[in-house]
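Single-structure report; data block below.
Every number here is computed from the coordinates shown, using simple stated rules; none is lab data. All of these numbers come straight from a predicted model, not from anything done at the bench. Cβ sites come from the backbone with ideal geometry, for glycine too, and all protein chains shown count toward neighbours.
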Protein chains: 2
Amino acid sequence: MREKAFVREVGPRDGIQMVKIILPTAQKLAWCRGAAQAGIRDIEVTSFVPPKVIPQFADAEDVARGALTIEGLRPSVLVPNLRGAERAFALDLPLVNYVLSASEEHNLANVRRSTEDSLQDFARIAAVRDQRAGRRVALGAGVATAFGCTISGAVSEARVVEIAVRLAGMGADEIIIADTVGYADPGQVRRLMSNVIAAVSPLPVICHFHDTRGLGLANVTAALEAGVRGFDASLAGLGGCPFAPGATGNIDTEDTVFLLEQLGFDTGADVEQLVALRREVESWLPGERFSGAIARAGLPKTYRTPAKAAA
Amino acid sequence: MREKAFVREVGPRDGIQMVKIILPTAQKLAWCRGAAQAGIRDIEVTSFVPPKVIPQFADAEDVARGALTIEGLRPSVLVPNLRGAERAFALDLPLVNYVLSASEEHNLANVRRSTEDSLQDFARIAAVRDQRAGRRVALGAGVATAFGCTISGAVSEARVVEIAVRLAGMGADEIIIADTVGYADPGQVRRLMSNVIAAVSPLPVICHFHDTRGLGLANVTAALEAGVRGFDASLAGLGGCPFAPGATGNIDTEDTVFLLEQLGFDTGADVEQLVALRREVESWLPGERFSGAIARAGLPKTYRTPAKAAA
């Protein structure tokens with residue numbers, strides 16, 4: 001029995017929020033369906049941000065509704081505020097994610113309020129969640145710029161742990177620790193993730209890494225050592241910061257599944273089916289930058305065959 | 001006092017052995033000089049392979065002689081056999097590297113003899129080295145396909161350890177463990193490198209990783225955990241397998257230095273000077289594929305500033 005670890009596909013949300021082409025709803029749902037068929041159970045399918053802010057997500061309700069009908073899928077959505085959360089709650093989605101930034105300056109630049117105000121916003125979302133009738137919606141709470149910030153530089157690890165503890169106390173069902181700008185290194189990841197896990201246990205803690213500086217999969221490895229068993233990733237490494245041209249974005253779904261499986265974890269996902277889906281998504285987004293090594297080099301002959309056994 | 005770790009630049013050897021352009025000797029030496037000025041002390045400067053096999057190295061003697069005059073540099077060369085070793089010994093180089101393959105099939109395909117015959121070849125090289133007068137030449141002994149082979153698949157870890165022990169017994173001064181085809185994963189690296197280090201201690205053990213499947217820097221991190229403190233790398237990630245078009249080659253020198261420094265090791269090298277040198281090398285090799293993240297994304301604001309200190 002292999003230990004389980006999972007990759008959550010965030011391509012239909014994080015991956016396409018900056019691309020120039022508005023994907024039709026049907027293609028977004030084909031992406032979700034393809035990922036589910038390849039064994040990815042968790043997908044962040046859209047964002048309930050106002051359409052005038054990001055036109056890509058004008059069809060958020062339709063995508064979310066469609067995703068709820070896909071067999072085997074546990075769709076989640078990102079919400080920027082209480083208004084977005086209410087839209088998500090109305091659809092009875094199983095998981096709703098909210099993100100604030102550990103860097104005060106980044107939070108101000110991003111949502112024009114302090115980190116403390118964003119924490120209070122999350123508390124209100126959790127209160128509304130708790131008061132509604134019907135199936136309990138799980139809340140994911142993300143801490144962005146947890147490994148550093150392009151505006152303010154270093155971010156205190158104690159502050160990240162404290163924010164995670166407060167989010168847990170306010171009713172978060174899982175904590176997402178995000179390297180929003182690609183600053184994390186494996187030493188930092190091992191240290192911070194051990195501390196966050198110890199502080200919010202038994203809540204699940206997930207990592208959201210970007211591969212901006214080539215350390216994405218090294219950071220996944222370090223997070224695994226610290227006990228993390230869930231990772232956000234985007235097919236073909238789509239996504240990324242609009243202020244760093246050419247910089248890669250999210251870690252690549254296919255490559256992350258490959259790494260987890262090669263390290264002996266059971267992800268439930270099939271790398272070759274993901275690579276096939278990636279080719280389809282590439283055909284929808286001409287001109288975008290697609291990263292990832294497995295799609296280029298193929299799986300090694302030793303995939304899932306530990307060398308130890310070959311003695 | 002930070003602990004030391006080093007990157008050995010292998011670009012002028014491994015990096016250019018497959019490129020179409022024959023670099024003039026002056027450019028090869030400018031590469032070596034630039035790397036030395038950026039703080040890289042160890043460079044594999046050329047290969048003493050017969051020029052008819054790889055015309056790129058027809059100027060091997062001139063490059064090696066020139067490299068010996070560069071201040072602060074400890075140049076090494078690769079030799080394929082006793083004949084090559086004798087050419088290197090004649091120049092009084094401080095370090096001469098020999099490589100054989102742990103995969104029998106790969107060794108046969110590569111040099112048309114068994115791994116055992118290659119081991120005996122190394123023993124003869126060591127004997128000639130021991131008999132010559134003058135300064136003692138150090139011998140590096142590399143074990144290729146140590147993490148798997150594109151021809152035969154999995155390679156037994158016990159066999160790799162056994163070969164390393166035999167090379168040490170025959171007179172190797174350092175052992176290089178190479179992931180020639182980009183099959184290694186961090187779990188395997190941690191296990192195998194711990195075993196190799198335990199078996200050949202106190203000989204230094206160096207890793208030679210390729211980034212074919214995106215795990216190059218994850219593997220460096222794992223090797224550091226196992227106690228490895230030296231890594232082969234190539235500026236701009238040059239090099240790689242001619243049979244895997246588009247696949248990246250060696251791990252990238254600039255990115256590896258970045259990772260080591262960020263993890264708190266003292267490499268003696270300057271990332272920004274290496275990126276400047278990389279731009280020069282790129283201008284000499286139009287049409288080649290250059291990889292690497294730091295040259296694209298820049299150093300993070302937190303470079304060498306542990307987040308812990310920011311509390």
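Just a few scattered comments:
- Loop sites in segment A:98-171: trypsin sites (Lys or Arg not before Pro), DSSP, at most 16 other Cβ within 10 Å: A:Arg112, A:Arg113, A:Arg132, A:Arg135, A:Arg136
- Segment A:181-285 shape via C-alpha gyration tensor axes, a/c threshold 1.5: oblate
- Chain A has one residue whose beta-carbon comes closest to the axis relating it to chain B; that residue and its distance in whole Å are A:Ala218, 2.
- Residue order, fewest to most surrounding Cβ atoms within 10 angstrom, among A:Lys4, B:Lys301: A:Lys4, B:Lys301
- Highest-fluctuation residue, A:Ala178, A:Ala133, A:Ala146 considered, GNM on chain A with Cα pairs under 10 Å: A:Ala133
- The same position A:Ser114 in the other copies lies at 7.6 nm from this copy, comparing label points 7 Å beyond Cα toward the beta-carbon, shortest first.
- Expected 222 nm ellipticity per residue - DSSP helices of 4 or more, -39500 (n - 2.57), all of the protein assembly as shown, to 500: -12000 deg cm²/dmol
- Within segment B:1-64, the GluC sites (Glu not before Pro) that combine a DSSP coil assignment with at most 15 other C-beta atoms in a 10 angstrom radius are B:Glu3.
- Contact order relative to length of chain A, as percent, for alpha carbon pairs under 8 angstrom and 6 or more apart: 19 percent
- Considering only beta bridges that DSSP places wholly inside segment B:154-292, some 10 percent are antiparallel.
- Geometric extent, Cα atoms of the protein assembly as shown - Rg, Dmax (angstrom): 25.6, 89
- Shortest first, A:Arg2 label-point distances to identical copies amount to 3.7 nm, with the label point at 7 Å from Cα along Cα→Cβ.
- Rounded to 5, the percent of DSSP beta bridges in the protein assembly as shown classed as antiparallel: 5 percent
- Segment A:111-220 - share of DSSP beta bridges that are antiparallel (%, nearest 5): 10 percent
- Other-chain or far-sequence residues with amide H under 5 Å of B:Ser47's (modelled H): B:Leu78
- Percent of Cα pairs exceeding the 27 Å cut-off, where the set is segment B:1-128: 21 percent
- Shape of chain A, Cα gyration tensor, a/c cut at 1.5: rounded
- Counted by neighbouring Cβ atoms within 10 Å, the residues B:Lys52, A:Lys20 run from fewest to most as B:Lys52, A:Lys20.
- Highest GNM mean-square fluctuation among B:Ala297, B:Ala218, B:Ala236, for chain B modelled with Cα contacts below 10 Å: B:Ala297.
- Label point 7 Å beyond Cα along the C-beta direction, distances from A:Val53 to other copies (nm, shortest first): 6.2
- For A:Thr267, residues with placed amide H under 5 Å, excluding near neighbours: A:Ala5
- Counting other Cβ atoms within 10 Å as a rough exposure proxy, the listed residues A:Ile16, A:Ile22 run A:Ile22, A:Ile16 from fewest neighbours to most.
- Residue with peak Gaussian network fluctuation, chain A [Cα springs, cutoff 10 Å], from A:Asp185, A:Asp92, A:Asp130: A:Asp130
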